[in-house]
Amino acid sequence: MQAGKRAKAVVCLSGGMDSTVCAALAARDFEAYAVHFSYGQRTESRELRSASMVAAALGFKQLLPLRMDLFRQIGGSALTDTSIAVPPAGAETAPTSLRTGADVPVTYVPFRNAHFLSAAVSWAEVIGADTVFIGAVEQDSSGYPDCRPAYYDAFNALIRQGTKEGTIRVETPLIHMRKRDIVHLGVELHAPLHVSWSCYSGEDVACGVCESCVLRLRAFQEAGYTDPIPYAAANAASAATIPLQ
């Protein structure tokens with residue numbers, strides 16, 4: 001690397017709150033490149049718009065939008081299968097036939113992050129980046145199995161064996177943080193949270209009742225800040241009283 005030139009990093013940028021804060025960390029320390037995935041999720045156009053605005057606000061070198069249709073065809077998730085309703089936070093989230101464990105809700109997209117990381121690592125090899133960031137969070141999250149530290153330890157072992165140089169590493173800087181602390185960090189970093197989007201079902205106004213909205217609203221409330229994105233007013237006002245499983 002030339003003297004004074006920053007190392008490159010690829011960021012998996014969904015446009016959500018966690019990925020936006022993760023992107024701000026990457027932009028602070030690296031020459032950052034974003035990869036965004038449209039995979040048949042209900043809010044894919046809104047998420048792409050948010051990811052584009054986040055990348056622009058943080059001065060990313062490039063945003064690579066990728067489309068994956070396999071999740072829509074496979075189904076089995078409320079995010080990609082319109083025959084499965086997005087449940088409100090705290091509700092029983094899936095019939096037994098669609099659950100993969102007692103704590104895994106129907107909004108889980110089967111093995112999604114493996115596909116995302118594979119594409120991000122492939123691009124990292126091409127552009128010469130040794131770091132891939134993803135805003136996975138284990139604490140205060142929905143209990144998805146691909147957001148656990150052991151998952152990323154295993155994936156990094158795979159990268160060492162399956163890439164040309166074996167030097168690329170996936171970093172998960174938020175994985176042990178509470179959501180309220182992620183909000184604090186985002187404010188400290190001046191992350192563009194006002195253009196991020198977390199709702200599972202709304203594209204113009206966030207619903208305020210899905211688990212992602214409730215987790216986000218509570219995080220801002222506990223951190224002492226007002227969430228800057230628009231919500232259905234009545235739902236947002238009652239989010240703090242919704243029990244989460």
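Read-outs throughout are calculated quantities, based only on the coordinates presented, and are distinct from any laboratory measurement. Predicted, not measured: the structure shown is a model, and the values here were computed from it. Positions of Cβ are backbone-derived with ideal geometry, glycine not excepted, and every protein chain shown enters the neighbour counts.
Of the residues contained in the stretch 149-168, one or more are found to be aliphatic (A, V, I, L, M), assigned to a loop (DSSP other than H, G, I, E, B) and crowded, with 19+ Cβ neighbours inside 10 Å.
Which one is surrounded by the fewest Cβ atoms within 10 Å (Cβ to Cβ), of the residues in the stretch 205-218 that are aliphatic (A, V, I, L, M) and within 17 Å of the chain's Cα centre (by Cα)? Give the derivation first.
Of the stretch 205-218, the ones aliphatic (A, V, I, L, M) are 205-206, 209, 214-215, 217.
Right, trim to within 17 Å of the chain's Cα centre (by Cα) and you get 206, 214-215, 217.
Details: ALA206: 26, VAL214: 25, LEU215: 20, LEU217: 27.
That would be LEU215.
Any chance the stretch 1-17 includes a residue that's of a type in the set (Ser, Thr, Tyr) and within 15 Å of the chain's Cα centre (by Cα)?
Keep residues of the stretch 1-17 that are of a type in the set (Ser, Thr, Tyr), which gives 14.
Add one more test, that the residue is within 15 Å of the chain's Cα centre (by Cα), and what stays is 14.
Looking through the stretch 1-17, at least one residue is of a type in the set (Ser, Thr, Tyr) and within 15 Å of the chain's Cα centre (by Cα).
Residues that are hydrophobic (A, V, I, L, M, F, W, C) and either surrounded by 14 or more Cβ atoms within 10 Å (Cβ to Cβ) or in contact with a Cys (Cβ under 9 Å, 6 or more places away or on another chain) (or both) within the stretch 56-85 comprise ALA57, LEU58, PHE60, LEU63, LEU64, LEU66, MET68, PHE71, ILE74, ALA78, LEU79, ILE84, listed in sequence order. Going residue by residue through the stretch 185-196, is there one that turns out to be over 28 Å from LYS61 (Cα atoms) and either hydroxyl-bearing (Ser, Thr, Tyr) or in contact with a Lys or Arg (Cβ under 9 Å, 6 or more places away or on another chain) (or both)? Scanning the stretch 185-196 turns up no residue that is over 28 Å from LYS61 (Cα atoms) and either hydroxyl-bearing (Ser, Thr, Tyr) or in contact with a Lys or Arg (Cβ under 9 Å, 6 or more places away or on another chain) (or both).
In the stretch 17-29, the condition of being buried (at least 20 other Cβ atoms within 10 Å of the Cβ) and outside any helix (DSSP H, G or I) is met by no residue. If you filter the stretch 30-54 down to residues that are out of contact with any Gly (no Cβ under 9 Å at 6 or more places or on another chain) and farther than 19 Å from SER201 by Cβ, you find that the one that is surrounded by the most Cβ atoms within 10 Å (Cβ to Cβ) is ALA34.
In the stretch 219-229, which residue that is buried (at least 20 other Cβ atoms within 10 Å of the Cβ) and not in a loop (DSSP other than H, G, I, E, B) is farthest from the chain's Cα centre (by Cα)? Show your work before the answer.
First pass over the stretch 219-229, keeping only residues buried (at least 20 other Cβ atoms within 10 Å of the Cβ): 219-220, 227, 229.
Still in the list and also not in a loop (DSSP other than H, G, I, E, B): 219-220.
Values: ALA219: 15, PHE220: 17 Å.
If we take residues in the stretch 219-229 being buried (at least 20 other Cβ atoms within 10 Å of the Cβ) and not in a loop (DSSP other than H, G, I, E, B), then PHE220 is farthest from the chain's Cα centre (by Cα).
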